[in-house]
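The values are calculated or read from the model by the stated rules, or taken from the named source; none is laboratory data. Keep in mind the model is a prediction, meaning the values are calculated, not measured. All Cβ positions, even for glycine, are placed from backbone atoms using ideal geometry, and neighbour counts span all protein chains on display. Heavy atoms of the whole protein, side chains included, go into the accessibility calculation; ligands, DNA and RNA do not. Shrake-Rupley method; radii C 1.70, N 1.55, O 1.52, S 1.80 Å.
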Amino acid sequence: MIPLSVPVLRGNEWTYVKECLDTGWVSSAGKFVDRFETEMARYTGAKFAIACASGTAALHVALQLAGVRAGDEVLTPTVTFIASVNVVRYLGAEPVFLDCDDFYNLDPDSTAQFIREQTVFRDGASFNKQTGRRIAALLPVHVFGNAACLDGLLPLCRERGIKMVEDAAESLGTRYRDGRHTGTLGEIGCLSFNGNKIITTGGGGMILTDDDVLATRAKYLTTQAKDDEVRFVHHYVGYNYRLTNVAAALGVAQLEQLPEYLRIKKQNYQRYQARVDAVPGLRLAETPPYAGNNHWMYAMRIDAAAYGLDREATMAMLARQGIQTRPLWHLNHLQRPYQTCQHFRIERAPRLWETTLNLPCSVNLTADELERVAGTLERRA
Ligand SMILES: *Cc1c(COP(=O)(O)O)cnc(C)c1O
C-alpha cells in the first residue's frame, strides 16, 4: 500500500526520546519543551512560540486570546479541516463561511467584499449587518501549505477592528517571498504536529505571536491558569493543553530534518508535475507565486470529461492498485453542525471540491512508488 501521508522518523528521535525516558522527564516539563519552543520561534521568526497538546488546542486558545467571546462571529473558509471551525463553536461563537481562491485558500476579494459591504463599523468593531453580531476575528488557513493571500486583508482587518488568527497547521516551512513565515502575519498563528503534517510529535501544536502579553497569557491558559503554583490558586479557567517532553523531544528531532523534508517535498512535487501534467485531463494544482511553498500536499485537478474518469472513479481506481488518495474535505458550510450558519458567495469551492484529489506525499515516498502512481494515472486502470 502507498499511504497518503505517514510520519518518517529517521533522525535523532530515538536518542532524544531515550533521554526523556532515562532521566524520567516524560511529562509536561523538561528541556525539550523549552528547546522546541525556542527553536520553532527562531525558525519561523516569531518572537514567541508556545507549545500545545494539539493544533486544535492551539487554535482554541488563540481565538480566545484574540478576544472571541460567546455570541461573536468569526470569518472562516469553507475549505479547511473542520478543526479550524470547531474551535469557533468551542467558544460559543458562530462561523461565517467564505469562498476559496484557486489555491484553496480564503478568497481575498470576496472576503474583503464581505467585510466592506456586509458589516458596519461602530465603536472600533465591525458588526454583521444581517445578524447584528460582532465580527471578532478572521481565521485564514494556509491550506495544503499554500500561503494565503493576506496583503489586502491585513490592513483591512486592522482598520475594521477584526483580529487575524492564522491557521498555519499545514504550512510549516512556507514563507512569503519577503521571508515572513506563514502564521506570523496576524496577531496569532497556530501550527500542528499531528501525524500527517510535515513534521510530527505524534500529536502537538504551537502558538506563534510577537506580542509578549499574548504569549504570557497563552502559556498561562494552556498550563491550567495557575496563579499560585504552590497553593493552587486559579483566577481564570485554564486548560491542560501542555505538550509533553517526550512529544517535544520528537519535535526537536523532526525540526532538525525539516530543511531536508522541504527539499524532498519540492523534488517530488516537480516529479509529479512532469508526469501528471502530461496526462490529458489531469494537472497538478499550482502553488502561489508570491511564496516559497512547503509542498506538504500534492493536490491534483481532474477534468472528468477530458480524463474519462471523475474524482470518485479515479480514487477508486487508485485504491484498487493499493494507492491511497483523498478528496478535499467535505465543505464546512454543508457539514451538519454548520448548515444553518451564514455563508457568503461560495462559488469556487464546490468546483474545486468536485475536481480535486490529493496524491501520496510522504517524505519517504520512493521514486518507484511515485512512478507507480503516475503509471496508474496514465493507464487509467
Ligand atoms: C491538522 C489541522 C488542524 C488541527 O491540528 P491537530 O494537531 O490535528 O489538532 C487544524 N487545521 C488544519 C488546517 C489542519 O490541517
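Within the stretch 199-221, residues that are under 22 Å from ALA83 (Cα atoms) and open to solvent by less than 30 Å² (accessible area, probe 1.4 Å) sit with their Cβ atoms under 9 Å from residues that are of a type in the set (Asp, Glu) and not in a loop (DSSP other than H, G, I, E, B), at 6+ positions apart or across chains, in these pairs: MET206/GLU37; LEU208/GLU166. All told, ALA305 meets the bar of being under 15 Å from THR356 (Cα atoms) and open to solvent by 40 Å² or more (accessible area, probe 1.4 Å). Here THR184 fits the description: in a loop (DSSP other than H, G, I, E, B) and either away from the ligand (no atom under 15 Å from the Cβ) or crowded, with 24+ Cβ neighbours inside 10 Å (or both).
The residues of the stretch 150-168 that are touching a Gly at 6+ places or on another chain (Cβ under 9 Å), open to solvent by less than 20 Å² (accessible area, probe 1.4 Å) and assigned to a loop (DSSP other than H, G, I, E, B), listed by number, are LEU150, ALA168. Of the residues ARG160, ARG217, the single one that is of a type in the set (Lys, Arg), over 19 Å from PRO77 (Cβ atoms) and away from the ligand (no atom under 16 Å from the Cβ) is ARG217. What number of residues in the stretch 40-58 are in a helix (DSSP H, G or I) and either crowded, with 17+ Cβ neighbours inside 10 Å or within 16 Å of the ligand (Cβ to nearest atom) (or both)? Residues meeting the conditions: 7. Consider only pairs whose beta carbons are under 6 Å apart and that are at least six residues apart or on different chains; among these, list those whose first residue lies in the stretch 308-335 and is farther than 14 Å from PRO3 by Cα and among the aliphatic types (A, V, I, L, M) and whose second residue is in a helix (DSSP H, G or I) and open to solvent by 20 Å² or more (accessible area, probe 1.4 Å). Within 6 Å, the pairs are LEU328/TRP353; LEU331/TRP353. Among the residues here, GLU229 does not qualify as at pLDDT 95 or above, open to solvent by 20 Å² or more (accessible area, probe 1.4 Å) and acidic (Asp, Glu). Is it the case that SER84 is in contact (Cβ under 8 Å) with a residue 12 or more places away in the chain, in the same structural domain as LEU150 (by TED's automatic domain parsing), more than 16 Å from the ligand (Cβ to nearest atom) and polar (S, T, N, Q)? Against the criterion (in contact (Cβ under 8 Å) with a residue 12 or more places away in the chain, in the same structural domain as LEU150 (by TED's automatic domain parsing), more than 16 Å from the ligand (Cβ to nearest atom) and polar (S, T, N, Q)), SER84 does not qualify. Take GLY71 and decide whether it is outside any helix (DSSP H, G or I), closer than 19 Å to LEU221 by Cα and either assigned by TED's automatic domain parsing to the domain that holds TYR298 or open to solvent by less than 50 Å² (accessible area, probe 1.4 Å) (or both). It is false that GLY71 is outside any helix (DSSP H, G or I), closer than 19 Å to LEU221 by Cα and either assigned by TED's automatic domain parsing to the domain that holds TYR298 or open to solvent by less than 50 Å² (accessible area, probe 1.4 Å) (or both). Of the strands (runs of 3 or more DSSP E) that lie entirely inside the stretch 97-143, those containing 1 or more residues that are under 30 Å from LEU172 (Cα atoms) and within 16 Å of the ligand (Cβ to nearest atom) span 134-138.
Scanning the stretch 284-343 for residues that are assigned to a loop (DSSP other than H, G, I, E, B), closer than 20 Å to ALA169 by Cβ and touching a helix residue (DSSP H, G or I) at 6+ places or on another chain (Cβ under 6 Å) yields ASN293, ASN294, HIS295, TRP296, MET297, LEU328, LEU331.
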